[in-house]
Amino acid sequence: MIYLDNAATTKIYKKAQDARAMAEDQAFANSSSIHSFGMKSNNLLKESRQIIANVIGSKADEIYFTKGATEANNIAISSLSGEYNIAITSSIEHSSVYASYKNNIYKDVIYLKNDSHGFIDIDCLKNNLSEDVKIVSIIYANNETGTIQDIRKISNIVKSYNKDIVMHIDATQAMGKISCDVNKLNVDLMSFSAHKFHGPKGVGGLYVRKEVLNKIKPVLYGGYQQVISSGTDNHPEIYAMAIALKEQIDADEFNYVNDLNQYMRELIKNNISDYIINSPDHDYSPYVLSVGFAKIKSEVLLHMLENKDIFVSSGSACSKGNNNRILEALNVDSKYSDGVIRFSFNGENTKEELDYVIDVLKDSIEEIRRVM
Ligand code: PMP
């Protein structure tokens, strides 16, 4: 199997699986129980917080655990809602941000413009800052295109206009892969999800800068284990997430993956005609490569690749047929927008795999174009 759908989810690392099994077997008490067995579980939570804090340059008690980036994004966006409040976001956010803004009450939600590679229009941001803006939500590394926004520049503009505006980023595709130092990025809230960096599914977190904690409202009320979202902590999964994050950082694979990304671009250039690369050629995450092929239905191509044991995504797996929102915002020419395929890599993919992929891709595209 050649798995090129890592932006949808990754395979869990063995070390993370072992960490989870150890916790489930040897430290299964409720982490809120005050006996010593409970303390053992609680210590795993503390260790997890510290590992994550070290990666993002925060304090350990600024890390809150959630069931993923969807919950983290929802907490951030619902917390700052209000009938007098304005939010600014981009037009190319993940659906968990987009739908959250659609379903929370705001006086206005402003969607910033972007160019065809997904870089947001900085002048549009500057022109829309006003007294009532309470939150700015921007995706750091885009899940469809890999576009990396200049978050530091954006945050500095926002904060110099009004330091009380809460700066929220969705770092789901960035965490463990590019620097997510919350101080360098100058952000207040940052969402992440373990299964994007080889951790378990259904667990993630929200970094909350101490100074903004009083603005955050929980989405689930209960035992207040974590203030922002209640319920018994799933410490085995949380511990596995922290171990996975450490492992992803230690893998130090950015340059390797970038080589794969460049190699794939070269292969496409040399073998396929009439296509566009939606991903930028600078400031991109090498883990994602979005390509639009002319005269192709992406789902047909996806299944032809699948028949040869190659797994990719058409646009994004998260949007289930609703990915036109992003392609429209990128202004992808209709000639290419039906044929968008997202290749997303991991550190274990190889050039030999890509050599095989390009042969299958070339044959499949020729076949589809012949019959269409
Ligand atoms: N944001 C981005 C950028 C994502 O790629 C995803 C997952 N596709 C999410 C948020 C949501 O993550 P989860 O499904 O783990 O809650």
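Worth a mention:
- Criterion: more than 16 Å from the ligand (Cβ to nearest atom), hydrophobic (A, V, I, L, M, F, W, C) and either at pLDDT below 95 or surrounded by fewer than 18 Cβ atoms within 10 Å (Cβ to Cβ) (or both) - qualifying residue of Val357, Val332: Val332
- Gly292 being among the small types (Gly, Ala, Ser), in contact with a helix residue (DSSP H, G or I) (Cβ under 6 Å, 6 or more places away or on another chain) and under 19 Å from Ser116 (Cα atoms): yes
- One residue from Asp283, Asp274 being surrounded by fewer than 22 Cβ atoms within 10 Å (Cβ to Cβ) and within 17 Å of Glu144 (Cβ to Cβ): Asp283
- Asp25 vs. criteria over 22 Å from the mean Cα position of the chain (by Cα), free of Cβ contacts under 8 Å to residues at least 24 places away in the same chain and part of a helix (DSSP H, G or I): yes
- For region 157-180, the criterion of being among the aromatic types (Phe, Trp, Tyr), within 16 Å of the ligand (Cβ to nearest atom) and either within 22 Å of the chain's Cα centre (by Cα) or under 19 Å from Lys134 (Cβ atoms) (or both) is met by none of the residues.
- A single member of Tyr101, Tyr84, Tyr161, Tyr140 is touching a residue at least 40 places away in the same chain (Cβ under 8 Å) and in contact with a helix residue (DSSP H, G or I) (Cβ under 9 Å, 6 or more places away or on another chain), and it is Tyr140.
- Hits in region 53-70 (condition: at pLDDT 95 or above and either assigned to a loop (DSSP other than H, G, I, E, B) or within 22 Å of Asp108 (Cα to Cα) (or both)): Gly57, Ser58, Lys59, Gly68, Thr70
- Considering only residues in region 78-98 that are away from the ligand (no atom under 11 Å from the Cβ) and under 16 Å from the mean Cα position of the chain (by Cα), the one that is surrounded by the most Cβ atoms within 10 Å (Cβ to Cβ) turns out to be Ser90.
Here is a yes/no grid of residues against (1) within 16 Å of the ligand (Cβ to nearest atom); (2) aliphatic (A, V, I, L, M); (3) on the phi < 0 side of the Ramachandran plot; (4) at pLDDT 95 or above:
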position: Gln226; (1), (2), (3), (4): no, no, yes, no
position: Ser230; (1), (2), (3), (4): no, no, yes, no
position: Pro236; (1), (2), (3), (4): no, no, yes, yes
position: Gln248; (1), (2), (3), (4): yes, no, yes, yes
position: Gln262; (1), (2), (3), (4): no, no, yes, yes
position: Ser273; (1), (2), (3), (4): no, no, yes, yes
position: His303; (1), (2), (3), (4): no, no, yes, yes
position: Asn307; (1), (2), (3), (4): no, no, yes, yes
position: Gly315; (1), (2), (3), (4): yes, no, no, no
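- Positions within region 123-148 being small (Gly, Ala, Ser), surrounded by fewer than 18 Cβ atoms within 10 Å (Cβ to Cβ) and touching a strand residue (DSSP E or B) at 6+ places or on another chain (Cβ under 6 Å), in sequence order: none
- Selection within region 28-51: residues that are assigned to a helix (DSSP H, G or I) and among the aliphatic types (A, V, I, L, M). The member of this set that is nearest to Ser230 (Cα to Cα) is Leu45.
- Qualifying residue in region 182-193 (condition: more than 16 Å from the ligand (Cβ to nearest atom), closer than 23 Å to Ser100 by Cβ and of a type in the set (Phe, Trp, Tyr)): no
- Selection status of Tyr111, part of a helix (DSSP H, G or I), more than 16 Å from the chain's Cα centre (by Cα) and among the aromatic types (Phe, Trp, Tyr): no
- In region 157-204, residue surrounded by the fewest Cβ atoms within 10 Å (Cβ to Cβ) [restricted to those that are in a loop (DSSP other than H, G, I, E, B) and among the β-branched types (Val, Ile, Thr)]: Ile178
- Test: Gly222 is over 18 Å from Tyr101 (Cβ atoms) and within 11 Å of the ligand (Cβ to nearest atom): no
- Checked across region 40-51, the condition of being within 24 Å of Ala174 (Cβ to Cβ) and within 16 Å of the ligand (Cβ to nearest atom) holds for no residue.
- From the options Tyr239, Tyr263, Tyr207, residue that is more than 18 Å from the chain's Cα centre (by Cα) and crowded, with 19+ Cβ neighbours inside 10 Å: Tyr239
- Near pairs, Cβ below 7 angstrom, 6+ apart or cross-chain, from region 199-222 (among the acidic types (Asp, Glu)) to any residue that is within 11 Å of the ligand (Cβ to nearest atom) and part of a loop (DSSP other than H, G, I, E, B): none
The values are calculated or read from the model by the stated rules, or taken from the named source; none is laboratory data. Quantities reported herein were computed from a predicted structural model and do not represent experimental measurements. No Cβ is skipped: glycine too gets one built from the backbone with ideal geometry, and neighbour counts run over all protein chains shown.
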